[in-house]
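Here's the structure, in structure tokens; my notes come after.
The values are calculated or read from the model by the stated rules, or taken from the named source; none is laboratory data. In this text the structure is predicted, and so the values were computed from the model without any measurement. When we count neighbours, we look across all protein chains shown, and the Cβ atoms used for this are built from the backbone with ideal geometry, even at glycine. With ligands, DNA and RNA removed, areas are computed over all heavy atoms of the protein, side chains included. Shrake-Rupley method; radii C 1.70, N 1.55, O 1.52, S 1.80 Å.
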Amino acid sequence: MGSDSGSFLLAIGGGCLCGAVRFEIAAEGPLTVRQCWCRTCQYVGAGSGTVNAMFPKEGVSISGLLVDYVSVADSGSVMHRRFCAQCGTPVFTEAEPRPHIIGVRVGDLDDPELVKPGMTIWTRSAPAWACFDPALPQAEGQAPPPKT
Ligand SMILES: [Zn+2]
Ligand SMILES: [Zn+2]
């Protein structure tokens with residue numbers, strides 16, 4: 001790939017394990033990609049952290065039935081975590097204060113090689129056996145949201 005203009009849209013496809021939920025993202029690329037080891041992500045990630053690619057929500061189209069688990073983060077933000085109603089795969093995460101951004105669980109991408117983490121967050125919540133990429137910046141807790 002590559003473009004002299006530097007601005008063209010990718011079409012990134014993905015979905016859940018059973019295939020009932022599908023999504024397509026039209027974007028130049030993710031705003032940011034973070035591996036998160038907060039305690040909540042350890043539940044969602046079945047022991048590991050989660051890897052989340054943040055995209056502008058306007059470019060994301062979704063089909064299939066999702067269930068929404070709503071909770072309040074330590075920051076006070078109301079969070080929506082959406083899962084496939086059929087197979088339970090975590091698909092999206094959203095924070096109400098940032099309605100224009102959607103977080104996509106990177107394991108759901110048809111090609112997980114398309115993106116890679118640029119930062120590790122919530123390292124202080126991680127178990128002692130967790131492995132962090134030493135090449136990436138780390139934050140002990142939350143890091144500021146991506147600029148848009
Ligand atoms: Zn599913
Ligand atoms: Zn987290």
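Summary table
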item	result
Some residue of region 110-117 being part of a helix (DSSP H, G or I), more than 15 Å from ligand 2 (Cβ to nearest atom) and loosely packed, with under 12 Cβ neighbours inside 10 Å	yes
Index of the failed condition, A27 passing every other in (1) farther than 26 Å from Q142 by Cα; (2) open to solvent by less than 70 Å² (accessible area, probe 1.4 Å); (3) modelled with pLDDT under 95	(1)
Test for E96: is it without any contact (Cβ under 8 Å) to a residue 24 or more places away in the chain and open to solvent by 30 Å² or more (accessible area, probe 1.4 Å)	yes
Qualifying residue in region 35-49 (condition: in contact with a helix residue (DSSP H, G or I) (Cβ under 7 Å, 6 or more places away or on another chain), modelled with pLDDT of 95 or more and of a type outside the set (G, A, S))	yes
Number of positions in region 28-67 that are within 16 Å of I101 (Cα to Cα), of a type outside the set (G, A, S) and away from ligand 2 (no atom under 14 Å from the Cβ)	9
Given (1) more than 16 Å from ligand 2 (Cβ to nearest atom); (2) closer than 12 Å to F23 by Cα, index of the condition R105 fails	(1)
The one condition in (1) over 15 Å from Q142 (Cα atoms); (2) in contact with a helix residue (DSSP H, G or I) (Cβ under 9 Å, 6 or more places away or on another chain); (3) surrounded by 15 or more Cβ atoms within 10 Å (Cβ to Cβ); (4) not basic (K, R) that S125 fails to fulfil	(1)
Verdict on T89 being within 15 Å of the chain's Cα centre (by Cα) and under 26 Å from L136 (Cα atoms)	no
Where a residue in region 26-55 is without any contact (Cβ under 8 Å) to a residue 40 or more places away in the chain and acidic (D, E) and its partner, wherever it lies, is away from ligand 1 (no atom under 16 Å from the Cβ) and open to solvent by 20 Å² or more (accessible area, probe 1.4 Å), with Cβ under 8 Å and at least six apart	E28/S7; E28/F8; E28/L9; E28/L10
Tally of residues being under 18 Å from C18 (Cα atoms) and either more than 16 Å from ligand 1 (Cβ to nearest atom) or crowded, with 17+ Cβ neighbours inside 10 Å (or both) across region 42-60	2
Pick from region 61-86, criterion touching a Leu at 6+ places or on another chain (Cβ under 8 Å) and over 16 Å from L109 (Cβ atoms), ranking: most open to solvent (accessible area, probe 1.4 Å)	Q86
Boolean, G19 is within 16 Å of ligand 1 (Cβ to nearest atom) and surrounded by fewer than 21 Cβ atoms within 10 Å (Cβ to Cβ)	yes
